[in-house]
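Asker: There's a structure below that I have some questions on.
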Amino acid sequence: MWSPVPQVGFDCTLAFEEDSSVRTQAIDQAAATVRRRLSVIAIGVATVLLLGAGWGSRGRDTQPIRIGLAGGLTGSQSFLGQAQQEGVMLAVDQINAKGGIAGRRIDVVSEDDQFDPSRAAAIAQRLISQDHVDAIIAGTNTGTALVYAKACEAAKVPLIVSFASDNRITQGKQWTFAVDTGVKEDMQAVVAFAKQHFQRVAVTYDDDAYGQAARDFTLAELKSLNMTPLAVVAMPDGSLDYGPQIARLQSTGAQIVVAGDGGSNVAQMAKNMVQVGYEPLVMGPASLAFVSMIDIGGAAVEHKVWFTDSIDSSNPAFVTFAKAFGAKYHQNPQTGFEPLAYDSMGILAKAIKQAGGVDKSAVQQALTNIHYAGASGKAGTEISFPAATHRRPGAGINWRWVTNGKFENVPANLLANPTALAGKP
């Protein structure tokens, strides 16, 4: 039986709108899918770029920290540059073996300035402008250290000077820090010791910029203590016969000679003194602690030449350092230069860690506030950089001498009563 089909009105407009709505939803869904996929691709690309730029999966910078290292590796005093290189690289090896600083290894860019200030100027610019180092350790003598300081101050790059001791290097500086005591602090310690134990004091100095600075600091300190030197004698650099100068010293009857000289010249002076039977105690700054003093002076310098130094054989940190140094280089550190360089890198690493990275201003501020118990210096003292000097305070000074052909601590009983060694006037 036929049943009529109900009449249903067909609205073309509604059908078109419904169809358009469906299409619009489909298009929107497709667009959203494309956007999600593009976002995923963008994130992936960004991740690859960040990884390539040195960022790890946790958002941490893993690029190597670049440290410039410059000193005199060749020339007559190349042992200074070699000592700096050995001390710094020992510290770098130890830091990298423990994962670096916050996961970032240290890379060192090393340069030989040959103790030449003009060469040092070119090296400083290359390290700063081309190698883009994060900080610099440099300056194995006064002339080059002054050049590096000038360049780093201008570029606002942190500079650590391991052992150049002229106080002008850090004077008035903001970005330059010296790990060793200055010649001013050294001579203050020498003069204070002379004042405490001796009555008759004479002064010698190398006739160069460093020696003249040592002389001026010595005379100023003597004056502040109401002491007048019996003689002030210039010592020509590199002479093999200091007879005329020694004759003048001997005529005064000085018990102690305060020597603002280098180790080689003092060694030759000591030999000439023995030849004429005049053997006062000779005391001076760390510049006497050159291995050449032992090589040239031999028995003449044994027990008769005392100097301030940054090695203290009783310092546990130095003992640990010396063992590691011997294991790496198959020799013992001979002077204070190696541990000073080692501490230079240790201090810089601590400052970078405290700064949370290599932002130069943050590292500079961390260095300004640093307190570091290092392998160099007297046991129980810390390295810091007072705002007025940016140089290690004189409290880290220790007294050393030559005994059995080696540098060692002066025994405590002789520090208390050194007059027995101030012999033959």
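Where a number appears in this text, it was derived from the coordinates with a stated rule and is not lab data. In this text the structure is predicted, and so the values were computed from the model without any measurement. Cβ: placed from backbone, ideal geometry, glycine included. Neighbour counts: every protein chain shown.
Asker: Under a Cβ-only charge scheme (Lys and Arg +1, Asp and Glu -1), can you give me the dipole magnitude of region 186-300 about the Cα centre, in debye to the nearest 20?
Answerer: Its charge dipole is roughly 460 debye.
Asker: Let me ask something else. Going by amide H atoms built from the backbone, whose H comes under 5 Å of the H on D113, apart from near neighbours?
Answerer: G71, G72, L73
Asker: So, one more: Between A122 and M227, with labels modelled 7 Å along Cα→Cβ, what's the label distance in nm to one decimal, could you check?
Answerer: Inter-label distance under the simple model: 4.6 nm.
Asker: Same structure, new question: Could you size up the charge dipole of region 297-425 around its Cα centre, putting +1 on the beta carbon of Lys and Arg and -1 on that of Asp and Glu, and report it in debye to the nearest 20?
Answerer: It works out to roughly 60 debye.
Asker: Hey, any idea what Rg/Rh is for region 148-307, computing Rh the Kirkwood way over Cα pairs?
Answerer: 1.02
Asker: Ordered by residue, what ³J(HN,Hα) values in Hz, to whole numbers, does region 122-137 give under the Karplus form 6.51 cos²θ - 1.76 cosθ + 1.60, where θ = phi - 60° and Gly and Pro are x?
Answerer: Those phi angles translate into 5, 5, 4, 5, 5, 4, 7, 8, 9, 7, 6, 5, 7, 6, 10, 10 Hz.
Asker: Could you list F318, F177 in order of exposure, starting from the residue whose Cβ has the fewest other Cβ atoms within 10 Å?
Answerer: Taking fewest neighbouring Cβ atoms as first place, the list is F318, F177.
Asker: Nearest 0.05, what FRET efficiency do E382 and S314 give at R0 = 22 Å with Cβ-Cβ as r?
Answerer: It comes to 0.85.
Asker: Among M227, M293, M235, which comes first, second and so on when ranked by fewest other beta-carbon atoms within 10 Å?
Answerer: M227, M235, M293
Asker: State the Cα centre-to-centre distance between region 225-239 and region 346-425 in whole Å.
Answerer: What the calculation gives is 27 Å, centre to centre.
Asker: Within region 212-227, what residues put their amide N at less than 13 Å from the label point 7 Å along the Cα-to-Cβ vector of L415?
Answerer: Under cut-off, by backbone N: nothing.
Asker: Here's another thing I want to ask about it. Quick check: pseudo-label points 7 Å beyond the Cα along Cα→Cβ at N404 and N332, how many nm apart are they?
Answerer: The answer from the label model is 0.8 nm.
Asker: Still on this structure, I have one more. Extension gain V291-A102, at 0.36 nm per residue separation less the Cα-Cα distance, in nm?
Answerer: 64.2 nm
Asker: Continuing with the same structure: In nm, to one decimal, how far is the S76 label point from the A247 one, both placed 7 Å along Cα→Cβ?
Answerer: In this crude spin-label approximation the distance works out to 2.6 nm.
Asker: Moving on to the next point. R0 = 22 Å: FRET efficiency of H371 with Q174, Cβ-based, nearest 0.05?
Answerer: 0.70
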